[in-house]
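Report on the structure given below.
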Amino acid sequence: MEQIDGVRVRRAYDPPDGDDGTRVLVDRLWPRGLSKEKAALDEWVKDVAPSNELRRWYGHDPERTDEFARRYRHELADPARTEALGHLRDLVREGPVTLLTATKELDRGHVAVLVSELADRR
């Protein structure tokens, strides 16, 4: 996964760290079994997450990763998602941000695409 200054990616289930900065959940669904207190979120930006249809189609199938990324980038061009992505960019400009997800494979899927998009259009 591409790295950019000021952005970390962690699992939502990981305990907060002093270096996290603003903790932002970027999943459409709330992580199973995680209380709001343990999540210690600053924000939940659902609109930047892939659609339910795209998420189900992808199913974290490694053979679909490239096509998923292409389709997800297309979804990010939607005005509501563009606004949410812009909000994430603003947060990154203000200080460190940790993107949180329930996904186990952090180097694939929507969070990797988000990091790439944040790096490309800073």
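The values are calculated or read from the model by the stated rules, or taken from the named source; none is laboratory data. The model shown is predicted, which means the values in this text are computed figures rather than measured ones. Counting neighbours? That spans all protein chains shown, and the Cβs are built from the backbone with ideal geometry, glycine included.
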Unique residue being out of contact with any Asp or Glu (no Cβ under 6 Å at 6 or more places or on another chain), hydrophobic (A, V, I, L, M, F, W, C) and farther than 23 Å from Arg93 by Cβ when the list is Leu34, Leu41, Leu25: Leu34
Of the residues in region 100-114, those that are buried (at least 18 other Cβ atoms within 10 Å of the Cβ) and touching a strand residue (DSSP E or B) at 6+ places or on another chain (Cβ under 6 Å) come to Leu100, Val111
In this structure, is Val113 part of a helix (DSSP H, G or I), within 16 Å of Asp20 (Cβ to Cβ) and either in contact with a Ser or Thr (Cβ under 7 Å, 6 or more places away or on another chain) or modelled with pLDDT of 90 or more (or both)? no
Considering only region 48-95, how many residues are closer than 17 Å to Leu106 by Cα and in a loop (DSSP other than H, G, I, E, B)? 5
Tally time: how many residues in region 25-39 are within 17 Å of His110 (Cβ to Cβ), surrounded by 16 or more Cβ atoms within 10 Å (Cβ to Cβ) and of a type in the set (A, V, I, L, M)? 2
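Report yes if some residue within region 105-120 is of a type in the set (Asp, Glu) and in contact (Cβ under 8 Å) with a residue 60 or more places away in the chain; otherwise report no. Explain how you work it out, then say what you get.
Taking region 105-120 as the starting set, the residues that turn out to be of a type in the set (Asp, Glu) are 105, 107, 117, 120.
Add one more test, that the residue is in contact (Cβ under 8 Å) with a residue 60 or more places away in the chain, and what stays is 107.
Looking through region 105-120, at least one residue is of a type in the set (Asp, Glu) and in contact (Cβ under 8 Å) with a residue 60 or more places away in the chain.
Results for (1) in contact with a helix residue (DSSP H, G or I) (Cβ under 6 Å, 6 or more places away or on another chain); (2) assigned to a loop (DSSP other than H, G, I, E, B); (3) surrounded by 14 or more Cβ atoms within 10 Å (Cβ to Cβ), shown as yes or no for each residue.
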site: Asp5; (1), (2), (3): no, yes, no
site: Arg8; (1), (2), (3): no, no, yes
site: Pro16; (1), (2), (3): no, yes, yes
site: Asp19; (1), (2), (3): no, yes, no
site: Arg23; (1), (2), (3): no, no, yes
site: Leu41; (1), (2), (3): no, yes, yes
Residue under evaluation Thr65, criteria (1) touching a Lys or Arg at 6+ places or on another chain (Cβ under 6 Å); (2) at pLDDT 95 or above, criterion not met: (2)
